[in-house]
């Protein structure tokens with residue numbers, strides 16, 4: 001229930017008896033929501049920021065703050081602990097998190113990346129092509145909290161990759177692309193739209209970049225979704241509904257006018273290059289957000305049968321014990337009507 005400060009009946013009667021003039025609209029206290037992104041303020045975050053900047057959250061009675069994140073996995077405990085009421089993180093890692101402890105206070109309520117951005121990106125000059133088997137015998141750089149790397153066990157099985165000669169090197173996010181640009185590794189794990197453009201910023205030419213998308217090579221998973229602390233959702237269902245309604249508008253705007261979305265991003269980080277962030281947003285919209293499924297069914301929902309099947313896949317990649325079902329992971333009851341979730 002959204003918290004609002006209203007006059008009590010007794011206070012209202014007293015005011016009338018005293019002849020006190022009441023304002024036409026009694027001031028309402030907005031529900032505060034702290035929201036954590038999965039990563040930095042970059043192009044793909046445009047939908048969140050437009051919903052904030054254009055007053056869509058405020059129109060729903062919400063006082064929203066949006067913070068940057070440190071990876072699509074790390075957003076999950078932020079929400080589960082209540083440090084943030086809502087956030088943006090990898091649904092597959094949410095499944096793993098709840099499989100380990102089903103009492104954790106987090107659930108997914110809106111799918112944003114209907115196709116995951118998970119990729120292995122390498123350099124053709126180092127022998128990597130779009131064929132997953134080109135990774136055999138190579139050195140792969142992997143940030144430990146990366147959502148793409150978390151799917152390696154399932155992906156190498158789905159793509160029939162022999163990993164006996166592959167060497168995995170642990171690297172941090174800040175040095176991921178520089179290490180690949182220097183040739184210290186042959187390919188890296190990451191979100192496609194991030195790694196590709198960061199590599200180009202390092203001076204690597206388009207024709208030298210080889211992108212292996214896991215979703216196109218046998219891994220039929222979902223990607224990042226909006227998360228909510230389940231206690232907060234139970235106590236404030238209308239606030240969660242309002243948040244998702246506003247967010248659907250923000251993402252529709254980011255698809256219809258990506259330049260406007262990039263401008264919202266650059267107000268948070270003026271060091272970014274507008275052209276690069278426009279490319280990054282366009283890639284995310286095309287590959288992950290405005291997919292054929294979303295065009296037909298609307299933004300934000302999931303196919304529960306597909307989500308159930310993905311849990312079976314995650315038993316391979318993440319060693320799930322089978323403690324959770326799709327209904328415990330994704331709650332569609334907070335979503336706006338389909339007609340309010342259609343992207344332009």
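The table below lists the values:
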item	result
Filter result for residue 169 (surrounded by fewer than 19 Cβ atoms within 10 Å (Cβ to Cβ), in contact with a strand residue (DSSP E or B) (Cβ under 9 Å, 6 or more places away or on another chain) and either assigned to a strand (DSSP E or B) or at pLDDT 95 or above (or both))	yes
Number of the condition not met by residue 225 [criteria: (1) assigned to a helix (DSSP H, G or I); (2) buried (at least 22 other Cβ atoms within 10 Å of the Cβ)]	(1)
Breaking point among (1) modelled with pLDDT of 95 or more; (2) under 23 Å from residue 157 (Cα atoms); (3) surrounded by fewer than 15 Cβ atoms within 10 Å (Cβ to Cβ), for residue 307	(3)
Residue, surrounded by the fewest Cβ atoms within 10 Å (Cβ to Cβ), within the stretch 64-75, restricted to residues that are modelled with pLDDT of 95 or more and in contact with a helix residue (DSSP H, G or I) (Cβ under 8 Å, 6 or more places away or on another chain)	66
Unmet criterion (only one of (1) under 26 Å from residue 273 (Cα atoms); (2) touching a residue at least 40 places away in the same chain (Cβ under 8 Å); (3) out of contact with any strand residue (DSSP E or B) (no Cβ under 7 Å at 6 or more places or on another chain); (4) surrounded by fewer than 21 Cβ atoms within 10 Å (Cβ to Cβ)) for residue 204	(3)
Residue pairs meeting the criteria (Cβ under 9 Å; at least 6 apart or on separate chains; first at negative phi and assigned by TED's automatic domain parsing to the domain that holds residue 84, in the stretch 48-66; second part of a loop (DSSP other than H, G, I, E, B) and surrounded by fewer than 16 Cβ atoms within 10 Å (Cβ to Cβ))	49/267; 49/268; 50/257; 53/267; 63/29; 66/268
Counted residues, the stretch 54-75 - those being assigned to a helix (DSSP H, G or I) and within 30 Å of residue 176 (Cβ to Cβ)	1
Pairs where the first residue, in the stretch 137-165, is outside the structural domain of residue 211 (by TED's automatic domain parsing) and the second is surrounded by 18 or more Cβ atoms within 10 Å (Cβ to Cβ) and not in a loop (DSSP other than H, G, I, E, B), C-beta under 7 Å, 6+ apart	none
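The values are calculated or read from the model by the stated rules, or taken from the named source; none is laboratory data. Only a predicted model underlies this, so the values are computations on that prediction, with no experimental measurement involved. Quick reminder, even Gly has a Cβ in these numbers, built from the backbone with ideal geometry, and neighbours come from all protein chains shown.
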